[in-house]
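The values are calculated or read from the model by the stated rules, or taken from the named source; none is laboratory data. As the structure is a computational prediction, the values presented were derived from the model and not from experiment. Here the Cβ positions follow ideal geometry from the backbone for every residue, glycine too, while neighbour counts run over all protein chains shown. Side chains are part of the model used for accessible areas, which takes the heavy atoms of the whole protein and leaves out ligands, DNA and RNA. Shrake-Rupley method; radii C 1.70, N 1.55, O 1.52, S 1.80 Å.
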Amino acid sequence: MRAIAHYKQSLDIQQEIGDRSGEATSCRNLGNAYRCLGQYQRAIEYSRKSLEMARAIGEKASEAATLNNLGLALFDFGKFAEGGEN
């Protein structure tokens, strides 16, 4: 998927220049993209990375947005994993 390739490219650049806020945003976007594809494990992984970064740099708005996205990914994962009934 092209969106994922662009998010990963953005993440690489942000890591290169040390933009932690941008890294958190790219990880959050990657989590959303993987969730839309039904790849919930990857969505959760990237959302957790984003959350960790947002907390480390004290960005409460980013932390809140990531928590929402992480909740959606966890809900969907539970709903579709092994016949979950969430």
| remark: A chain fully extended from Q15 to A3 at 0.36 nm per residue, minus the present Cα-Cα distance, gains in nm 2.5 nm
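Expressed as a rounded percentage, what relative contact order does the chain have, with Cα pairs under 8 Å and six or more residues apart? Numbers along the way, then the final one.
Values: 94 pairs, mean separation 20.6, N = 86.
Normalised by residue count, the contact order of the chain is 24 percent.
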| task | May I ask you to work out the translational diffusion coefficient for the chain at 20 °C, viscosity 1.002 mPa s, via Stokes-Einstein with Rh from the Kirkwood sum over Cα pairs, reported in whole µm²/s? | result | 167 µm²/s
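Tell me, what % of the accessible area of the chain is carbon and sulfur with a 1.4 angstrom probe?
On the way: 2580 of 5260 Å².
Carbon and sulfur: 49 percent of the exposed surface of the chain.
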| query | In square angstrom, what is the accessible area per residue of the chain with a 1.4 angstrom probe? | reply | 61 Å²
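Add -39500 (n - 2.57) for each DSSP H run of 4 or more in the chain, then divide by its residues: what number comes out at 222 nm, to the nearest 500 deg cm²/dmol? Before the final figure, lay out the partial values.
On the way: 4 runs with 72 residues, N = 86.
Rounded to the nearest 500, it is -28500 deg cm²/dmol.
Dipole of the chain, Cα-centred, from +1 at each Lys and Arg C-beta and -1 at each Asp and Glu C-beta, to the nearest 20 debye? Mind showing how you got there, number by number?
Working: 11 positive and 11 negative charges, 22 e Å.
Dipole of the chain, to the nearest 20 debye: 100 debye.
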| request: Just grab the label-to-label distance for C36 and A61, each label 7 Å out from Cα along the Cβ direction, in nm (one decimal). | output: 2.2 nm
